[in-house]
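Peer 1: The structure under discussion is supplied below as structure tokens; questions concerning it will follow.
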Amino acid sequence: MENKLKEEARKLLKEGKVDYIVGYGKGTVKFRTSPLITNKEEDIEGLVINPFIANNLSRYPAEIKGKLGIVVKGCDSRSLVSLIQDNKVKRDDIVILGVPCEGVVDIKKLVEQIGADIDQVKEIDKEGDNLIVKMDGSKKTVLFGDVIFDKCFGCEYPTPLEYDILLGSEVSPRVELEKSLKKIKEFEDINAPERWRYWKEQFSKCIRCYACRNVCPACFCERCFVDVNIPQWITTYGSWQDNLVFQLIRTLHVAGRCSDCGECERSCPVGITLRSLQRKMVEEVKGLFNYETGVDKDAPPVFTHYEATDPEEFIK
Amino acid sequence: MGYKKIKKDQLNTFLSELSKDYTVVLPSRSGGQVVFAPWDGKNTDFLDWYKNTIIPPKALFFPPVEEMFRFRKGEEGYEIEELMPDKRQQIIFGIRPCDARALKIIDMLFADTYKDPYYLRRRENSLLVGLSCNEPCDTCFCASLDISPGQSEDVDILCTDVSDNLLIEAISEKGSNLLSEMSGLSDAGSEEESKAKEMRKSAKEKIARQINLSGLQEKMRSNFENREYWEKASKKCMACGICTYVCPTCHCFDINDENRKKEGKRVRSWDSCKFPLFTRMPMENPRHEKWRRMRQRYHHKFEYYPMNFGTIACTGCGRCIRECPVNVDVTEIIGGI
């Protein structure tokens, strides 16, 4: 896949079909990749595709001027399609390089499984369904399916739905929805005061770095409501109540646009379990409107469109 | 005073003794992250797993949110209720050499022309017990900034983990006075001392990441207008505030009055030059584009701070590299200038 990507990316740049390639390069932190954005053919050799390509790159097309060749996994492609539906990205301005994705490794889970610090790990190789983790003088084998992100368990579209060039053969979806929603379902069973206590604790940790908002492709407001200070909507400092309000409004704003890519939770430096909020909204939108984000670029976005059959029980 | 030691499984008694006169704050796991928190009186297992916290110890002195005072409009003008930090003495146990240096660096600012009473009172009431790094992280580059992961002049007491023992060394007078009052410590032998020296040396050698600082300030000044460089460097940046908030030396803050009718409070909170709203309240943020904001952050740390205080405002703790969602790496950006 990696070689095919390099070949196609070089061709796109050489033929002038795109101004930039947006893909993944080797990171400077162990077992992390980093967005590689370039207009130079000599940088193409640095492109990688491996089980660590966590970032959702579809945030970039709305920001970088010119035509882009962009690498996307299944979930990322849905973010991109959603942006096309919202007229934030023009389909003709991008060449989509699709990566059929078997799942992305969650380093936190991997560390837990091997019971060692990531700094002790020298090499990780994927062999079939296993990851071979080489450490100083020892080796551990973990099941790939045990260390991927929760979102990957329930991924119904691992192969991008929208692409110009598919870089590998299609991957069949994992049917482990239960595993993907496990934490959320468990949470729903807890009584309301306990849930409230839980979120109070979570949002007390928030330092308002806004990484969740800034990495989110669906958060595309030109000026976020929290950055409006005349009048001020919420305080600029992080009381847990205001942190919660910020996140709830964000959650509602991106409902119907969230592809469950999980970048909000992955990026949160203090480990707030943000994906459960977003994922819950994915369920709600599907249940109420039978709508899935970013699966059809020609469909109108769910909340800009009215159907006579739309549920209206809330109007009393 | 020579080196003292205590068996690691006896650390409990040492900490209990300290807890009599001080609030002991040490690394603990809470809500899925590692934070400095008041000791629970039992657990000392952090020695087995602790590397460093994500939120730096600056937060213990300069908290993310702080009420400065409350006010109320009375008949004869405003009544002010002061809200100064309490006077209880605290011990920060387990601070890493890089983070202790970071406090020294921001001391210069908080004790400059305007003496910040909130920060300084907490600093005066605190004693730092450092913990040497035997196993630095992959992201550490403190050695390039004249910091040795195994040594520190910036703490009051330094502990080094030497197999079954913690070797304890008084660094400041304050530290020396405290140690002389402590029971339960024994004198360390020369064998242990040389073992500690060895560990310190090997810890420093383990640090592979470097940052190139040679002629940096000159290079930065001539590169300032190089828009192409900064646009490229900032291309993948998501413009969030993680790097500034996990940085042990970033110290910018915002101040807001929150009032309702006749009463209110003045609150200070962390602010980040990576945000478009930064400095917008007084006038306007002159740095509209992302690349200008990124340039500002690096110039502040590596050019303006040395101009103002004679030291670089970076300690090589590596938090910004590790926590950045897109892996923007300060060593690459500074090295590329």
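The values are calculated or read from the model by the stated rules, or taken from the named source; none is laboratory data. These figures come from a predicted structure and were not determined experimentally. When we count neighbours, we look across all protein chains shown, and the Cβ atoms used for this are built from the backbone with ideal geometry, even at glycine. Accessible surface is based on the protein model in full, side chains and every heavy atom, while ligands, DNA and RNA are left aside. Shrake-Rupley method; radii C 1.70, N 1.55, O 1.52, S 1.80 Å.
Peer 1: Answer yes or no as to whether A:Asp117 is touching a Leu at 6+ places or on another chain (Cβ under 8 Å), farther than 28 Å from A:Arg257 by Cβ and free of Cβ contacts under 8 Å to residues at least 12 places away in the same chain. Spell out how you get there, then give the answer.
Peer 2: Values: touching a Leu at 6+ places or on another chain (Cβ under 8 Å): no; farther than 28 Å from A:Arg257 by Cβ: yes; free of Cβ contacts under 8 Å to residues at least 12 places away in the same chain: yes.
In short, no.
Peer 1: Filter segment A:9-31 down to residues that are touching a residue at least 40 places away in the same chain (Cβ under 8 Å) and either within 12 Å of chain B (Cβ to nearest Cβ) or crowded, with 17+ Cβ neighbours inside 10 Å (or both), then give me how many there are. Walk me through it before giving the result.
Peer 2: Filtering segment A:9-31 down to residues touching a residue at least 40 places away in the same chain (Cβ under 8 Å) leaves A:9, A:12-13, A:17-24, A:30-31.
Pick out the ones that are also either within 12 Å of chain B (Cβ to nearest Cβ) or crowded, with 17+ Cβ neighbours inside 10 Å (or both) and you get A:9, A:12-13, A:18, A:20-24, A:30-31.
Residues flagged as touching a residue at least 40 places away in the same chain (Cβ under 8 Å) and either within 12 Å of chain B (Cβ to nearest Cβ) or crowded, with 17+ Cβ neighbours inside 10 Å (or both) within segment A:9-31 amount to 11.
Peer 1: Is it true that some residue in segment B:72-82 is in a loop (DSSP other than H, G, I, E, B), under 24 Å from B:Glu173 (Cα atoms), open to solvent by 20 Å² or more (accessible area, probe 1.4 Å) and not assigned by TED's automatic domain parsing to the domain that holds B:Asn256?
Peer 2: In the first step, residues of segment B:72-82 are kept if they are in a loop (DSSP other than H, G, I, E, B); the result is B:75-76.
With under 24 Å from B:Glu173 (Cα atoms) added as a condition, the list becomes none.
Checked segment B:72-82: no residue is in a loop (DSSP other than H, G, I, E, B), under 24 Å from B:Glu173 (Cα atoms), open to solvent by 20 Å² or more (accessible area, probe 1.4 Å) and not assigned by TED's automatic domain parsing to the domain that holds B:Asn256.
Peer 1: Just to be sure I understand, how many residues within segment B:248-265 are within 11 Å of chain A (Cβ to nearest Cβ) and either open to solvent by less than 20 Å² (accessible area, probe 1.4 Å) or of a type in the set (Gly, Ala, Ser) (or both)?
Peer 2: Total meeting the criteria: 1.
Peer 1: Does segment B:176-197 contain at least one residue that is farther than 23 Å from B:Lys290 by Cβ, away from every other protein chain (no Cβ under 14 Å), in contact with a Cys (Cβ under 8 Å, 6 or more places away or on another chain) and open to solvent by 30 Å² or more (accessible area, probe 1.4 Å)?
Peer 2: First, pick out the residues of segment B:176-197 that are farther than 23 Å from B:Lys290 by Cβ: B:176-197.
Now narrow it down to the ones that are away from every other protein chain (no Cβ under 14 Å): B:176-197.
Subset that is in contact with a Cys (Cβ under 8 Å, 6 or more places away or on another chain): none.
No.
Peer 1: Six or more apart or on different chains, Cβ atoms under 6 Å: show the pairs whose first residue is in segment A:156-174 and among the polar types (S, T, N, Q) and whose second is open to solvent by less than 60 Å² (accessible area, probe 1.4 Å).
Peer 2: Final answer for the pair search is A:Thr159/A:Gly74; A:Thr159/A:Pro100; A:Thr159/A:Val171.
Peer 1: Moving to a separate point now. Just to be sure before I move on: is A:Arg275 open to solvent by 30 Å² or more (accessible area, probe 1.4 Å), within 21 Å of B:Gly241 (Cβ to Cβ), touching a residue at least 24 places away in the same chain (Cβ under 8 Å) and not in a loop (DSSP other than H, G, I, E, B) in the structure I sent? Don't jump to the end; show me each part of the working.
Peer 2: On the way: open to solvent by 30 Å² or more (accessible area, probe 1.4 Å): no; within 21 Å of B:Gly241 (Cβ to Cβ): yes; touching a residue at least 24 places away in the same chain (Cβ under 8 Å): yes; not in a loop (DSSP other than H, G, I, E, B): yes.
Taking the combined requirement at face value, the residue does not satisfy it.
Peer 1: While we're looking at this one, here's another question. Checking B:Lys274 against (1) within 26 Å of A:Arg213 (Cβ to Cβ); (2) assigned to a helix (DSSP H, G or I); (3) open to solvent by less than 50 Å² (accessible area, probe 1.4 Å), only one condition comes out false. Which one?
Peer 2: The number of the failed condition is (2).
Peer 1: Kindly establish whether B:Ile312 is under 20 Å from the mean Cα position of the chain (by Cα) and surrounded by fewer than 23 Cβ atoms within 10 Å (Cβ to Cβ).
Peer 2: Details: under 20 Å from the mean Cα position of the chain (by Cα): yes; surrounded by fewer than 23 Cβ atoms within 10 Å (Cβ to Cβ): yes.
Against the criterion (under 20 Å from the mean Cα position of the chain (by Cα) and surrounded by fewer than 23 Cβ atoms within 10 Å (Cβ to Cβ)), B:Ile312 qualifies.
Peer 1: Step by step: first the residues of segment A:32-57, then only those that are assigned to a loop (DSSP other than H, G, I, E, B) and open to solvent by 40 Å² or more (accessible area, probe 1.4 Å), then the one that is farthest from A:Ala211 (Cα to Cα). Which residue is that?
Peer 2: A:Lys40
Peer 1: OK, next. Return only the number of the condition from (1) touching a Phe, Trp or Tyr at 6+ places or on another chain (Cβ under 8 Å); (2) away from chain B (no Cβ under 13 Å) that A:Lys73 does not satisfy.
Peer 2: A:Lys73 satisfies every listed condition except (1).
Peer 1: So if I check each of B:Cys243, B:Cys237, which one is more than 21 Å from the chain's Cα centre (by Cα) and crowded, with 16+ Cβ neighbours inside 10 Å? First the steps, then the outcome.
Peer 2: On the way: B:Cys243 fails: more than 21 Å from the chain's Cα centre (by Cα).
When all the criteria are applied, what remains is B:Cys237.
Peer 1: Within segment A:206-224, can you find the residues that are away from chain B (no Cβ under 12 Å) and crowded, with 22+ Cβ neighbours inside 10 Å?
Peer 2: Result: A:Ala218, single match.
Peer 1: Next question, about the same structure. Quick one: would you say A:Gly74 is open to solvent by less than 60 Å² (accessible area, probe 1.4 Å), out of contact with any strand residue (DSSP E or B) (no Cβ under 7 Å at 6 or more places or on another chain) and under 22 Å from A:Leu5 (Cβ atoms)? Reasoning before the result, please.
Peer 2: Working: open to solvent by less than 60 Å² (accessible area, probe 1.4 Å): yes; out of contact with any strand residue (DSSP E or B) (no Cβ under 7 Å at 6 or more places or on another chain): yes; under 22 Å from A:Leu5 (Cβ atoms): yes.
Yes.
Peer 1: Further question on the same structure: Restricting attention to segment B:180-196, and to residues there that are in a helix (DSSP H, G or I) and touching a residue at least 12 places away in the same chain (Cβ under 8 Å), which single residue is nearest to B:Asn165 (Cα to Cα)?
Peer 2: First, pick out the residues of segment B:180-196 that are in a helix (DSSP H, G or I): B:180-181, B:190-196.
After this cut, where a residue has to be touching a residue at least 12 places away in the same chain (Cβ under 8 Å) as well, the list is B:180, B:192-193, B:195-196.
Values: B:Ser180: 19, B:Glu192: 9, B:Glu193: 11, B:Lys195: 11, B:Ala196: 10 Å.
Ranking the candidates gives B:Glu192 first.
Peer 1: Here's a follow-up. Going by the conditions given, is A:Ile64 at pLDDT 95 or above and outside any strand (DSSP E or B)? Outline the logic, then answer.
Peer 2: Values: at pLDDT 95 or above: no; outside any strand (DSSP E or B): yes.
For A:Ile64, the condition - at pLDDT 95 or above and outside any strand (DSSP E or B) - is not met.
Peer 1: Mind checking which pairs have a first residue in segment B:108-133 that is more than 19 Å from B:Arg96 (Cα to Cα) and a second that is of a type in the set (Gly, Ala, Ser) and part of a helix (DSSP H, G or I), Cβ under 8 Å, 6 or more apart or different chains?
Peer 2: Cβ pairs passing all conditions: none.
Peer 1: Still on this structure: May I ask you to verify whether A:Val95 is away from chain B (no Cβ under 14 Å), surrounded by 20 or more Cβ atoms within 10 Å (Cβ to Cβ) and touching a strand residue (DSSP E or B) at 6+ places or on another chain (Cβ under 9 Å)?
Peer 2: Working: away from chain B (no Cβ under 14 Å): yes; surrounded by 20 or more Cβ atoms within 10 Å (Cβ to Cβ): no; touching a strand residue (DSSP E or B) at 6+ places or on another chain (Cβ under 9 Å): yes.
Spelling it out, it is not the case that A:Val95 is away from chain B (no Cβ under 14 Å), surrounded by 20 or more Cβ atoms within 10 Å (Cβ to Cβ) and touching a strand residue (DSSP E or B) at 6+ places or on another chain (Cβ under 9 Å).
Peer 1: Now for a different question. Identify all residues within segment A:252-270 that are of a type outside the set (A, V, I, L, M), surrounded by fewer than 24 Cβ atoms within 10 Å (Cβ to Cβ) and part of a helix (DSSP H, G or I); write none if there are none.
Peer 2: Once the filter is applied, which keeps residues that are of a type outside the set (A, V, I, L, M), surrounded by fewer than 24 Cβ atoms within 10 Å (Cβ to Cβ) and part of a helix (DSSP H, G or I), segment A:252-270 yields A:His253, A:Glu265, A:Arg266.
Peer 1: Turning to a different aspect of this structure: So B:Ile171 ticks every box in (1) at pLDDT 90 or above; (2) over 13 Å from B:Gly2 (Cα atoms); (3) in the same structural domain as B:Leu18 (by TED's automatic domain parsing) but one. Which box is left unticked?
Peer 2: Here B:Ile171 meets the rest and fails (2).
Peer 1: Same structure, new question: With the structure loaded, tell me whether A:Thr304 is of a type in the set (Val, Ile, Thr), under 27 Å from A:Tyr60 (Cβ atoms), exposed (fewer than 15 other Cβ atoms within 10 Å of the Cβ) and away from chain B (no Cβ under 14 Å) or whether it fails that test.
Peer 2: Working: of a type in the set (Val, Ile, Thr): yes; under 27 Å from A:Tyr60 (Cβ atoms): yes; exposed (fewer than 15 other Cβ atoms within 10 Å of the Cβ): yes; away from chain B (no Cβ under 14 Å): yes.
Criteria met by A:Thr304.
Peer 1: Here's another thing I want to ask about it. Would you say A:Lys6 is touching a residue at least 24 places away in the same chain (Cβ under 8 Å), surrounded by fewer than 24 Cβ atoms within 10 Å (Cβ to Cβ) and farther than 25 Å from A:Val121 by Cβ?
Peer 2: Details: touching a residue at least 24 places away in the same chain (Cβ under 8 Å): yes; surrounded by fewer than 24 Cβ atoms within 10 Å (Cβ to Cβ): yes; farther than 25 Å from A:Val121 by Cβ: yes.
Yes, satisfied.
Peer 1: Ok, one more. Among (1) more than 8 Å from every other protein chain (Cβ to nearest Cβ); (2) in contact (Cβ under 8 Å) with a residue 40 or more places away in the chain; (3) not in a loop (DSSP other than H, G, I, E, B), there is one condition B:Ser269 misses while meeting the rest; what is its number?
Peer 2: Failed condition: (1).
Peer 1: So, one more: Return the pair list, or none, for Cβ contacts closer than 7 Å from residues in segment B:40-66 that are within 12 Å of another protein chain (Cβ to nearest Cβ) to residues that are of a type in the set (Lys, Arg) and not in a loop (DSSP other than H, G, I, E, B), at least 6 apart or on different chains.
Peer 2: The qualifying pairs are B:Ile54/B:Arg319; B:Pro56/B:Arg319; B:Glu66/B:Arg268.
Peer 1: What tally of residues in segment B:134-157 results from selecting those that are away from chain A (no Cβ under 14 Å) and touching a residue at least 60 places away in the same chain (Cβ under 8 Å)?
Peer 2: Pass one, segment B:134-157, residues away from chain A (no Cβ under 14 Å): B:142-148, B:150-157.
In the following step, the residues that additionally are touching a residue at least 60 places away in the same chain (Cβ under 8 Å) were identified as B:142-145, B:147, B:155.
Residues in segment B:134-157 being away from chain A (no Cβ under 14 Å) and touching a residue at least 60 places away in the same chain (Cβ under 8 Å): 6 in total.
Peer 1: Step by step: first the residues of segment A:225-243, then only those that are within 25 Å of the chain's Cα centre (by Cα) and open to solvent by less than 20 Å² (accessible area, probe 1.4 Å), then the one that is modelled with the highest pLDDT. Which residue is that?
Peer 2: Step by step, filter segment A:225-243, then rank; the result is A:Asn243.
Peer 1: Grab the strands (runs of 3 or more DSSP E) fully contained in segment A:83-180, keeping just those with 1 or more residues being in the same structural domain as A:Ile21 (by TED's automatic domain parsing), at pLDDT 95 or above and within 24 Å of A:Ala218 (Cβ to Cβ).
Peer 2: Working: elements: A:94-98, A:121-127, A:130-135, A:138-143.
Fully inside segment A:83-180 and qualifying: A:94-98.
Peer 1: Then there's this: State whether one or more residues within segment A:235-243 are in a loop (DSSP other than H, G, I, E, B), β-branched (Val, Ile, Thr) and without any contact (Cβ under 8 Å) to a residue 40 or more places away in the chain. Quick ask: steps written out before the conclusion?
Peer 2: Taking segment A:235-243 first, the residues in a loop (DSSP other than H, G, I, E, B) are A:235-239.
Applying the additional criterion that residues be β-branched (Val, Ile, Thr) yields A:235-236.
Okay, now just the ones that are also without any contact (Cβ under 8 Å) to a residue 40 or more places away in the chain, so A:235-236.
Checking segment A:235-243: at least one residue is in a loop (DSSP other than H, G, I, E, B), β-branched (Val, Ile, Thr) and without any contact (Cβ under 8 Å) to a residue 40 or more places away in the chain.
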